[in-house]
Structure formats: structure tokens, C-alpha cells
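Values in this text are rule-based calculations from the coordinates and carry no lab data. Owing to the predicted nature of the structure, the values given are computational and were not obtained by experimental measurement. When we count neighbours, we look across all protein chains shown, and the Cβ atoms used for this are built from the backbone with ideal geometry, even at glycine.
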Amino acid sequence: MASSILHQWLSLVGAIWLQSINGTNSNFPSYSSQLKQLLSISQIQLNNLAFASDAGKLLGWLSGVAAVYLPLWLVLLIGATLGLVGYGLQYLFITNQISSISYAHIFLLTVLAGNSICWINTVCYVVIIRNFPSDYRQVAVGIMTSYLGLSAKVYTVVVNAIYSSTTERAKAYLLFNSVFPLIACVLAAPLVRGINSVGNSRKMKGGFIVIFLITIATGIYAIIGSFGSVLKRLAPLNNLIGMVTCLLLPLVIPLVEKIRDVLAGEWWLNKEIKVHSSIIEENTIDLEKIENENVSDQNREEAVKEEIGVKLMLQRVEFWLYFFVYFFGATLGLVFLNNLGQIAESRGYSGTSSLVSLSSSFGFFGRLIPSLLDYVFSRSYKYMIPSPASIAALMAPMAGAFILLLNKSNIALYTSTAIIGVCTGAITSISVSTTTELFGSKNFSVNHNVVVANISIGSFLFGYLAAFVYRKQGNYEDGKCMGMDCYRNTFILWGCFCLFGTFLALILYARTRKFYSQRCCM
């Protein structure tokens, strides 16, 4: 049992490391303007590359199928290899080591790199769902996915610590995007594996409290280090050391668990001779009773939700409501973040890297908050917040943030970016539990990849809308659109779309209210 808990914590740490470097598409705004100059492409062509990264998710279901039939470590390495090829060949082209790659080839390589993210994410989700009991599963998933929101910050810190030239930094992002996931996958491959039995959840409470504290401290450090005034005082190398330390801190929990195992083993060997057989039998009965209670609790929860395959899921009205709620919520937020570099540039703001770091840091907290609230409410108040209601509550401030962007001040830009980062991250985190709650966990690896396929569709539609308005509005200087008019109409439309998504989320909640009421009563 103790060994099982140790492997659970190790799998969570491995998933955290993977997530922290797997958001390679989230750092695209940091170097998109430089990439546009290096490739001598238009805004429409640059938008095509942003779409290509998301288009890889259209084939994300392949990773879900592979996770069913292949060992998880192999699925992990396949994902890392795809990223290595996708980003690596682009890096070789940018550095003039390959001269025969066309724009179409770069587009396809970006699609390949975007698909690699799905393979690594699928492994992380499957491992956590398999290795943690139902009452801690959402908490573990939320903590893990919060580090995906931190990914752009991690890459920015590394690049800032090593490179100073703007042109070299664009090349560095492509290099690190290809290499870091491969290194992390090799290190984490032995850790991300299923275990034969899930440990007693009662013994995990203290560990989750500690990892919550570590995660919150990491998020605070990331936000503080995103402000320009702090960055000027903090040496880039020291900032990198601090970030690496934060990523290593979760290892404290399995380390303490291992020490506890060793001490408990020695204590048991010394005491085993002195105890009476009757006491042993009594303890055994108590242990079996606790385990049976855990299994019974889990069975009651599993009995409420329905296991649904892809074909049946696509026939459900709830799926399409959920699909478009995600489409007008998290997907729209991700499109905004993908275009953050051009948005900041059009407003005459030069600190794009700090803005991307800020959005990444707040996205980190956004992904963590749902798990923290779920942990508090389910254990202190015996109440579970319905996921559709939570999504509706998050999409309303997102709509307000898009309208706030009509204000030309940098404070409005920072505030809106932070709000959209938080809400997008939170909806992304909640969607994992929503998929399992509505359609079951058995087919999660395929079902969820079908849901998030709308990211590529939204990237295409919303991205082209932004690029079209960018092209038609404002004053051009060297092929760049400068002024508030570049994205004014886009922000208004995005705000309206987000309000419509809020309405759909309320409809989804109304249709699933009975289901969540049953779960709360269990």
C-alpha cells in the first residue's frame, strides 16, 4: 500500500515536469513577430502558422487510440519525437543549415509539432486518471494541468537567461521547443506508468496540502517575475535558478513518502514479534473495512456517470453544447493569446515577452483554482460545484476583458490579458473533469481529444477574422498595422461570442443539473 502511494506521487511529479515544458505552442507570441521578419511572410501567413499548431489537434484522437493499445512510455516518446522533427527542422531552416524548405513545408512541420503536444498530454491525463482515486482525481489533474499554463513562462525564463539578441531569441524558442520535451519525456518515462492498485486516499491528504502550497508559491513567483520592474532588478540567471527550483520542489513529497516507508518498515519488523495474532487480525479487518469503504465510495460515484464511446457521444445534445461552450470560451481565449504578440505590437507596446509571461503565470493559477475550490468544497462542505456552472461564471468576465481591451492604456492591456489568462486556464482545467463526468473515464483519451479538436477550428475561424480586420484597419508601417483600430472590431466580436458561449454554458448546466444533484447526494 505504501509503495503504491509512492508511485502515485512519482507519477504526478513526472506529469508535472512534462506539462511544464509541453505548452510549446503557448510561447509562439514571444517570437512570432521575429519569425514573421525572418521568413518574410505576411500577417495572413503568420496566422496560418498559428492555426497550423492548433490544427495538429485535429489528429489528437490518434494519441488516444495509441494510449489504449501501446505502452504509455512508447506513446510518450512518439510525441517527443514528433515535436523534435516538427520544431527541429524549422530551427535548422531558420539557422540556414537547411535551405530547401518551402512555406508549405514549414506549415506541415508546425502541424506535426502541434500534434506532438496531444500525445504527451494524453499520457499525462491517462496516468493521473488511472493512478488516483476518484475523490482526488480532479485535484491531481488540476495541479498537473496548471503547470501546462506555466510552460510559456518557463521557456521565456530560459531564453532570457541565455540570449539577449531579439533575432537569436526567436531561433532559441524553436530549438528549445524541439529539445526540452524530448529530455523531459526520457526523464519522466519511468515515472508515468499505471499502478496495479490505487492507494488509500485518506493517507494522501497531507501530501496534497503540501503540493498545493508548493504550486501556489510557484505561481506567485512566476507572476512577480513577469513584471518589467522586477525583471530589471532580478538577474536572468537567478530567475532561471528560481524557476528550476520551483519545478523540483514537488519531489519533496515522494521523497518524504519513501523515508516514511523505510521507517515504517523497520518499525514493523521490530514490533512484529511482540504483537499478538489477535491484534494482527483486528488490524487486518479494520484495514479491509477501510479499503471496502473506499471501493464502495468509488463505486457509488462511478454508478452515477455513464461510460460513453465516441459514436454515442457525438449523438448527444450535451456533447454539442459542451463543444461550443469550449469553442467560445477556452478556444477563443487561446486564439487571443496566440495573437498577443501582434496585438501588443499594434498598440505600440514593446514588452511582449513580459506580457506573454504574465498571461502564462495567470493561466497557471487559472488551471489551479478549480482544483483548489473542488478540494475545499468537497471536503469541508460536502458539495461539488457543477462544472458547466463554473464555466459559465468564468466566461462572463472574459467577455468583459475583451471589451476592456478597447481602452488604449497599457494597464487595460495587462488587466485584460491577466483575466483572459486566468479564465482560459480555468476552463481548460475544468474541461478534463467535465469530459469524464458527462461521458465517463473509460474512453476519456479519445473523447477528450475529440472535444479539444475544436481548438483548431476556432484557431482557423477566429484567427482569420483577426487577421482580416488587421489587414483592413489602421495605418501600415513596413507591413505592420499600427493603432487601436487594428483589433477594435475583433475585440467587440470576440466579446459577443464569449457572451453567447456563456448562454450555452447555462443551457448545458440546466440539462445536466439532475446529474450533478445526484452526485452531490451520494
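Anisotropy class assigned to the stretch 302-367 is prolate, per the alpha carbon gyration tensor with a/c at or over the 1.5 cut-off and a/b larger than b/c.
Prolate is the label for the stretch 33-74, because a/c, from the alpha-carbon gyration tensor with a ≥ b ≥ c as root eigenvalues, is 1.5 or above and a/b exceeds b/c.
Kirkwood analysis of the Cα pair distances in the stretch 79-121 returns a hydrodynamic radius of 10.3 Å. The charge dipole of the stretch 417-505, taken about the Cα centre with unit charges on the Cβ atoms of Lys, Arg (+1) and Asp, Glu (-1), comes to about 100 debye, rounded to the nearest 20. For the cross-link pairs 171/442; 36/311; 153/442; 205/442; 36/408; 153/472, the ones whose C-alpha atoms lie over 30 Å apart are 171/442; 36/311; 153/442; 153/472. Put simply, the convex hull of the Cα atoms in the stretch 15-104 casts, on average, a shadow of 6.9 nm².
Here the stretch 1-67 yields Rg over Rh of 1.21, to two decimals, using C-alpha coordinates and the Kirkwood radius.
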